[in-house]
Amino acid sequence: MSAHRYVPGRVGLLLIDTMNDVFSEDGKAYLTFKEEFERIGTFENLKRLLAGAREQGFPVFFAPMSYTEADYTSWKHVSGVHHEMFDNRLFVEGSWGAEFHPELSPQDDEIVITPHKNIDVLANTDLEVQLRQHNTEYIAIAGMVGTMCVESTARSCMEHGFHVTTFTDATAAVGGRDAYDAMILRYPFISHATLTVDEFLTATRASAT
């Protein structure tokens, strides 16, 4: 039995930016992550994680990112990450690229968080309200990008008193293997458990018995 314990009825899954621009082969950012997705097995692991969460009855929260034309053209202070988004017109509101990938999409009874424009989802959306309204204390965070939105949101959730689980195999980093290795070293400092998808699903099943 896993040493990690989860309180039944208090566990939720957050999937960040499971959008066509990232996970579909024709997506604008797909080639940036393709090699790491294949090495880690990110896409298939995310599908198994989502299926396992649904099987166990967790609330699932989807956090999309999108930008309007006004965002692209009117922001006064544009950070490095936003230059990447704006220069490449990633996640254009209303476009195919800003839609959820068909295999990583919400069902009718799942929660879609208001779209975020910065990398900390908790700080910039209704995520915290939704987590608390759905009785979620133990939040597992996966998706993209592991070194930006996932990491920032995990840190923020931890600082707001949530139990945070991060994943070694349900995300990927900007910068390839070296960036991934550094990310995985940081995750245990900002979360309460850093697990594989299988380890997490095994632990939640064991905790429910």
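Throughout, read-outs are computed from the coordinates displayed, never taken from laboratory work. It should be emphasised that the depicted structure is a prediction, and the values quoted were computed from it without experimental measurement. Glycine also receives a Cβ, built like all others from the backbone with ideal geometry; neighbour counts cover every protein chain displayed.
For the stretch 38-88, the Kirkwood radius over C-alpha pairs fed into Stokes-Einstein at 37 °C and 0.692 mPa s yields D = 232 µm² per second. Computed from the C-beta positions of VAL7 and ASP198 and an R0 of 25 Å, the FRET efficiency is 0.75 to the nearest 0.05. Measuring between their Cα centroids, the stretch 21-56 and the stretch 66-88 lie 25 Å from each other.
Annotation: for a label point projected 7 angstrom from Cα along Cα→Cβ of ARG39, residues of the stretch 170-209 with backbone N closer than 13 Å are 172-184. Over all other residues within a Cβ to Cβ distance under 14 Å of ILE111, the charged ones net out to -3, with Lys and Arg as +1 and Asp and Glu as -1.
Using a 10 Å cut-off on Cβ atoms, rank the peptides 6-12, 63-69 from the highest mean neighbour count down.
63-69, 6-12
Between PHE86 and LYS47, what's the calculated FRET efficiency when r is the beta-carbon distance and R0 is 45 Å? Round to 0.05. The calculated FRET efficiency here is 0.90. log₁₀ I(q)/I(0) of the stretch 87-209 at q = 0.14, 0.19, 0.21 Å⁻¹, via Debye over equal Cα point scatterers, no solvent, to two decimals? Debye intensities relative to I(0), on a log10 scale: -0.67, -1.24, -1.45. Put a dot 7 Å past the Cα of GLU103, heading toward its Cβ, do the same for VAL129, and the two dots end up 3.5 nm apart.
Any idea how many Lys pairs in the chain come in under 24 angstrom at the alpha carbon, given 8 or more places apart or on separate chains? Step by step, the pairs that qualify in the chain add up to 5. Ordering of 175-185, 39-49 by packing is 39-49, 175-185, highest average first (other Cβ atoms within 10 Å, averaged per residue). Helix content alone sets the calculated 222 nm mean residue ellipticity of the chain: runs of n ≥ 4 DSSP H residues at -39500 (n - 2.57) each, divided across all residues, give -12500 deg cm²/dmol.
For ASP26 and PHE189 in the same chain, what is the full-extension length gain: residue separation times 0.36 nm, less their Cα-Cα distance, in nm?
That pair, ASP26 and PHE189, stretches by 55.2 nm at full extension.
Shown for the stretch 1-47 is the translational diffusion coefficient from the Stokes-Einstein equation, using the Kirkwood radius over Cα pairs, a temperature of 10 °C and a viscosity of 1.306 mPa s: 124 µm²/s. Equivalent-ellipsoid semi-axes for the stretch 1-138 (Cα gyration tensor, √(5λ), whole Å, largest first): 28, 19, 13.
As a length-normalised measure over Cα pairs under 8 Å and 6 or more apart, the relative contact order of the stretch 11-207 settles at 27 percent.
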